1. Within segment 258-277, identify whether any single residue is over 15 Å from W70 (Cα atoms), loosely packed, with under 15 Cβ neighbours inside 10 Å, hydrophobic (A, V, I, L, M, F, W, C) and in contact with a Ser or Thr (Cβ under 7 Å, 6 or more places away or on another chain), and answer yes or no.
2. Pairs please, first residue from segment 8-26 and more than 21 Å from S269 (Cα to Cα), second anywhere and of a type outside the set (A, V, I, L, M, F, W, C), Cβ atoms under 8 Å, 6+ apart in sequence or on different chains.
3. Is it the case that L59 is among the hydrophobic types (A, V, I, L, M, F, W, C), modelled with pLDDT of 95 or more and within 25 Å of S216 (Cβ to Cβ)?
4. Based on what the data block shows, is A227 crowded, with 19+ Cβ neighbours inside 10 Å, touching a residue at least 24 places away in the same chain (Cβ under 8 Å) and either out of contact with any strand residue (DSSP E or B) (no Cβ under 9 Å at 6 or more places or on another chain) or at negative phi (or both)?
5. Can you name the residue in segment 159-206 that is among the hydroxyl-bearing types (S, T, Y) and modelled with pLDDT under 90 and is also nearest to P129 (Cα to Cα) among such residues?
6. Mind checking which residues of segment 226-241 are aliphatic (A, V, I, L, M) and within 19 Å of I127 (Cα to Cα)?
7. Determine which single condition E42 fails, assuming it passes every other condition in (1) charged (D, E, K, R); (2) surrounded by 13 or more Cβ atoms within 10 Å (Cβ to Cβ); (3) within 23 Å of H252 (Cβ to Cβ).
8. Looking at V139, is it buried (at least 17 other Cβ atoms within 10 Å of the Cβ) and modelled with pLDDT of 85 or more?
Amino acid sequence: MSRPGESRLSAWLVMAPALCLSIAGFGIPALYMARMSFNEHEPQTAFVPGFTFENYHRLVSDPLILTVIWNTARLALLASVATVALAYAFALLVWLRPGRWRVIFVGLALLPMLVSEIATIFGWWTILPRNGVLSYTLVSSGLVQDKISLIYTESAALVGLVYVTLPYCFFILLSIFDGLDRRTLEAASDLGAPPWITFAEIIAPQTRIGLLAAFSQAFIWTMGAYATPLALGPDTLWTLGYFIQDQMLSKHHWPMAAALSMALTLGVSAMILLVRWLQPEQRSFHV
């Protein structure tokens, strides 16, 4: 029988390779980025070595930057809520289906993960424009009289973000559902509980941890999204991903880009800590 100290040592040895890769691939670059955010900037130069809080002062005082932060957070929040709602309903449907249907649904959920984000964007360009598939279908069915165009709108950016993040949230929630005991549903049915009572009293409380985990995953993904909002949204929809790229490559203002990146990293980290704090006590569930 192994001692507690030996068990902890074994756990650290197992985690050591991944921990070293995380430190080398993320920790050290994050430290360099944090130091860069305090450097100064002059025209025609990427940065000037120094130490100033001016870049962080701009984060809370520049109306343009505040608008960019608000647009990013608002879009990420809307996309995360929509993604979790759809993923929850889809996961519940798959969980309740027989095995043969489950394989089909899981295969459908995997499809967006097999295509690159750029290819997905090209696909939406054929669906959302005025002469696209969606407009043609709506006119042909008589639901609308004139052709419509959703491309280059916030709605298109929202749809694109939901489509990209949906599979990840779905598999998180499906793993939670698979950990539930189906006999509790049978017991509730035998006692005469209607479906909505069964859901509210049995399923929902036991899957809350999955909702929080899925929301966290969707929010992290959408907050840092760059290509999808840029390609599908309007020109006025500036997100942090686009603004960081603009400061880095167009304005050649590396300290400002680093400060924006640090703000994004800290914001996402705060969301992770908040979600972790809201989670109930950890329990085992099927993965």
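The values are calculated or read from the model by the stated rules, or taken from the named source; none is laboratory data. Worth saying up front: this structure is predicted, and the values here are computed from it rather than measured. Because the Cβ atoms are built from the backbone with ideal geometry, glycine has one as well, and the counts that use them run over all protein chains shown.
1. So far as segment 258-277 goes, yes, one or more of its residues are over 15 Å from W70 (Cα atoms), loosely packed, with under 15 Cβ neighbours inside 10 Å, hydrophobic (A, V, I, L, M, F, W, C) and in contact with a Ser or Thr (Cβ under 7 Å, 6 or more places away or on another chain).
2. Matching pairs, first to second residue: S10/S2.
3. On the way: among the hydrophobic types (A, V, I, L, M, F, W, C): yes; modelled with pLDDT of 95 or more: no; within 25 Å of S216 (Cβ to Cβ): yes.
Spelling it out, it is not the case that L59 is among the hydrophobic types (A, V, I, L, M, F, W, C), modelled with pLDDT of 95 or more and within 25 Å of S216 (Cβ to Cβ).
4. When the stated conditions are applied, A227 does not pass them.
5. The selected residue is T198.
6. Those that are aliphatic (A, V, I, L, M) and within 19 Å of I127 (Cα to Cα): A227, L230, A231, L232.
7. With (1) charged (D, E, K, R); (2) surrounded by 13 or more Cβ atoms within 10 Å (Cβ to Cβ); (3) within 23 Å of H252 (Cβ to Cβ) applied to E42, the lone miss is (2).
8. For V139, the condition - buried (at least 17 other Cβ atoms within 10 Å of the Cβ) and modelled with pLDDT of 85 or more - is not met.
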